[in-house]
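Inspection log for the structure reproduced underneath, given as structure tokens.
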Amino acid sequence: MATGGARDSIRENAGDFIGEFSVTQSCEPCMKSNISKTATVFCDDCLEYLCDSCKNPHIVYKPGKHNIVGFFDIVEMKGLDRCQEHNKKIKFFCQEHSKLCCNSCLIVHGKCGQLEEIDSVPEKELTNVDDLKHSLIKLDSDADLIIAESKRQDSDLNKSVSKVNAELDAIQIRILKLFKEAQNNVQSEATAFKSGEIKRSQTVCTKVKEDLHTILTICSAIAERGTPQQKYIILKRMEEKNNMIQAEQVTPDLSLSCPRELTSLLEMGKDFIKLQIQKVETSLTSLSSHPRPVTLKLLVSVDLPKTGDDEKAPLLTGLDFLPDGRLVAVDNYNLRCIILNERLQRLGTPYKFKTYPYGVVCVSRDTLCVTVDGKVVCLLSVSTDNTITLTREIKTSSWFFSICCMSPSNMVVSTYNDPRPVRMISVDGVETDFDHILTFPKKTYKVDESACTYVQSKNTLVLTDRYAHTVYMNDTVNDISRAVTNENIQEPCGACVGPGDTVLACSMYNNSIVHLTIHGIILGTYPVDMNNPYSLCVSKDGTRLAVSNDALGNKKLQLYKISPAMS
């Protein structure tokens, strides 16, 4: 099958979905001769549309290799098969650099040791269609998760920026305070020095003048009649006073002395404070396991009327996804187990039970457990070609309604006509009871009055009480229990584990889905386009939600895309 690569202008004429071809394409060689003929094939190597008449001459007379593809087999690649650097058709994959390459890329990657030619890749090594779809859906969900996380990070970064600014303001205040204190201290010292120095100088000079006056009064007498000793003493006294006067003629100079650390800080300029950015790698698993609100986008909605050999319009009391994305449903009214694809179209032949089925759970890649009226659990095997086979029947001592996984080999079931509202059963048929369920009601339910689910990673058992408008939750390890009631929880019935180890439950009376944490906090309520939503399940990757209802004359099955809320 061709993978695209024709001229974009020609491809655009064929619409958005090339595989459907709602319009025709003309033969290009004929067009050059002003002849209008419809193309029937496409040469994937020459990128040319051809009619039947031009196909053989094209192969015979035009040099080169010719991969001729039927016109209706062309798959539009939307430019994904073109090299982003050279806009040429991709021919190779460089394993060393994880890069798709064209012929022009060989200049750089031709010497790489792990260059793989795409045409030579064995088809058996390629991902099958179901796995590819599943991977694309998972990538789409991962992208939504990262976008939502980036929205949350935007708010967190605003808080971080405010925190950084507050820290800078605090540092600035501290520095200004220190500077002001140092300034006041220096000014005080300078003022004290100035006043003290002037006073001292004045005192010294005044004392010198007094001494000089004394010397002057006897100076003449000493000069005329004084002894040599007296003259010597007076001379030295005069030198002493002269030195004192000279000493006071020195002008003091005031300057600042700063530590080297401050000088270095000033030399750094505005870079003396820098912002540190640390990126901590966060796994998608840790993001998806954090309880947060979600959004639901309706993908597919189908009515469930009575068809063919149905006795009644289907009532889907149990839903679950297989690991490959196929949906399993049990039809209580018509005693069937059905496999559906991503368009909610039936696959294969439904399995027919002997009596009424209630709940279903996928316990492994291809094994289902179904609770059936009459104290029976049926183990079914589902093949890749959608063949459903009964492998074993387990006779039970209690009447079981809903069923969910507790571990790879153990399941939790809700009961009816039994004073124990929830029990456990292994795949080998061993039945056990929970030791402590503190707040669960001590009453016997009738059929479809309660349902259960189990959050494995949190060891939390969940039970809905339809007519008490309550969702019960019990931590089976720590014996912590709670009963959740709220105006948004009205006639809760089916429940399942949601994204991030949360719980989703149908609120029949409100025509909505309620989203709760295991601590009983309501993360959101989501109206659904159906009356009385009754049963629901989430795909293994947490990206799809299937919901069915129990409404007279208007039964539906819907598929929603689960995305993390952007706010």
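The values are calculated or read from the model by the stated rules, or taken from the named source; none is laboratory data. It should be emphasised that the depicted structure is a prediction, and the values quoted were computed from it without experimental measurement. Every residue, glycine as well, gets a Cβ built from its backbone with ideal geometry; the counts of neighbours run over all protein chains shown.
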Checklist outcome for this item: Scanning the stretch 533-567 for residues that are of a type in the set (S, T, N, Q) and surrounded by fewer than 20 Cβ atoms within 10 Å (Cβ to Cβ), the one farthest from the chain's Cα centre (by Cα) turns out to be Asn554
Checklist outcome for this item: Only one of Thr349, Thr384 is farther than 20 Å from Pro323 by Cβ, modelled with pLDDT under 95 and either out of contact with any strand residue (DSSP E or B) (no Cβ under 7 Å at 6 or more places or on another chain) or assigned to a strand (DSSP E or B) (or both), namely Thr349
Next on the checklist: Quick check on my filter: what residues within the stretch 50-71 are closer than 14 Å to Glu28 by Cα and among the hydrophobic types (A, V, I, L, M, F, W, C)?
Outcome noted: Leu50, Cys51, Cys54, Phe71
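Output the residue which, of all residues in the stretch 427-463 that are of a type in the set (Gly, Ala, Ser) and under 14 Å from Ser398 (Cβ atoms), is surrounded by the most Cβ atoms within 10 Å (Cβ to Cβ). Don't jump to the end; show me each part of the working.
So in the stretch 427-463, the residues of a type in the set (Gly, Ala, Ser) come out as 429, 450-451, 457.
Filter once more, keeping what is under 14 Å from Ser398 (Cβ atoms): 429, 450.
On the way: Gly429: 13, Ser450: 28.
By that ranking, first place goes to Ser450.
Of all residues in the stretch 391-408, which are in contact with a strand residue (DSSP E or B) (Cβ under 7 Å, 6 or more places away or on another chain) and touching a residue at least 40 places away in the same chain (Cβ under 8 Å)?
First pass over the stretch 391-408, keeping only residues in contact with a strand residue (DSSP E or B) (Cβ under 7 Å, 6 or more places away or on another chain): 391-406.
Result: Trp399, Phe400, Phe401, Ser402, Ile403, Cys404, Cys405, Met406.
Which of the residues spanning the stretch 464-479 are charged (D, E, K, R) and either surrounded by 18 or more Cβ atoms within 10 Å (Cβ to Cβ) or not in a loop (DSSP other than H, G, I, E, B) (or both)?
Initially, the stretch 464-479 is screened for residues charged (D, E, K, R), giving 465-466, 475, 479.
Correct list: Asp465, Arg466, Asp475.
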Checklist entry - Which pairs do you get when a residue that is outside the structural domain of Asp156 (by TED's automatic domain parsing) and at pLDDT 65 or above, found in the stretch 270-285, comes within reach of a residue that is of a type outside the set (Val, Ile, Thr) and surrounded by 10 or more Cβ atoms within 10 Å (Cβ to Cβ), reach meaning Cβ atoms under 6 angstrom, with the pair 6+ apart or on two chains? => result Phe272/Leu265
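Looking only at the stretch 198-234, which residues are among the basic types (Lys, Arg) and surrounded by fewer than 10 Cβ atoms within 10 Å (Cβ to Cβ)? Show your work before the answer.
Filtering the stretch 198-234 down to residues among the basic types (Lys, Arg) leaves 199-200, 207, 209, 225, 231.
The one that is among the basic types (Lys, Arg) and surrounded by fewer than 10 Cβ atoms within 10 Å (Cβ to Cβ): Arg225.
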Item to check | Subset of the stretch 315-331 (residues that are over 32 Å from the mean Cα position of the chain (by Cα) and surrounded by fewer than 23 Cβ atoms within 10 Å (Cβ to Cβ)) | outcome: Leu315
Checklist entry - For residues in the stretch 93-114 being aliphatic (A, V, I, L, M) and modelled with pLDDT of 85 or more, which is nearest to Asn341 (Cα to Cα)? => result Leu100
Item to check | Close pairs (8 angstrom Cβ cut-off, 6 or more residues apart or separate chains): without any contact (Cβ under 8 Å) to a residue 24 or more places away in the chain in the stretch 307-329, outside any strand (DSSP E or B) and not aromatic (Phe, Trp, Tyr) anywhere | outcome: Glu311/Asn334; Lys312/Lys306; Lys312/Asn334
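Does Leu523 satisfy the condition of being within 27 Å of the chain's Cα centre (by Cα), crowded, with 18+ Cβ neighbours inside 10 Å and at pLDDT below 95?
yes
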Next on the checklist: What's the total number of residues in the stretch 291-314 that are assigned to a strand (DSSP E or B) and either basic (Lys, Arg) or surrounded by fewer than 19 Cβ atoms within 10 Å (Cβ to Cβ) (or both)?
Outcome noted: 8
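Looking at the stretch 27-125, what helices (runs of 4 or more DSSP H) fall wholly within it and have at least 3 residues that are surrounded by fewer than 11 Cβ atoms within 10 Å (Cβ to Cβ) and among the polar types (S, T, N, Q)?
none
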Next on the checklist: So in the stretch 256-276, with the set limited to residues that are among the polar types (S, T, N, Q) and not in a helix (DSSP H, G or I), which one is nearest to Lys199 (Cα to Cα)?
Outcome noted: Ser257
Checklist entry - What residue, among those in the stretch 407-422 that are farther than 24 Å from Lys354 by Cα and buried (at least 18 other Cβ atoms within 10 Å of the Cβ), is farthest from the chain's Cα centre (by Cα)? => result Pro421
Checklist entry - Somewhere in the stretch 245-255, is a residue touching a Lys or Arg at 6+ places or on another chain (Cβ under 6 Å), surrounded by fewer than 18 Cβ atoms within 10 Å (Cβ to Cβ) and either modelled with pLDDT of 80 or more or not in a loop (DSSP other than H, G, I, E, B) (or both)? => result no
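Of the residues that make up the stretch 326-342, is at least one among the aromatic types (Phe, Trp, Tyr) and farther than 21 Å from Asp541 by Cα? Steps first, answer last, please.
As a first pass, look at the stretch 326-342 and keep what is among the aromatic types (Phe, Trp, Tyr): 333.
Next cut, farther than 21 Å from Asp541 by Cα only: 333.
Scanning the stretch 326-342 turns up at least one residue that is among the aromatic types (Phe, Trp, Tyr) and farther than 21 Å from Asp541 by Cα.
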Checklist entry - When you look at Asp448, is it in contact with a Lys or Arg (Cβ under 9 Å, 6 or more places away or on another chain), touching a residue at least 60 places away in the same chain (Cβ under 8 Å) and among the acidic types (Asp, Glu), yes or no? => result yes
Item to check | Residue satisfying all of: in the stretch 184-197; free of Cβ contacts under 8 Å to residues at least 60 places away in the same chain and surrounded by 11 or more Cβ atoms within 10 Å (Cβ to Cβ); farthest from Leu254 (Cα to Cα) among these | outcome: Glu197
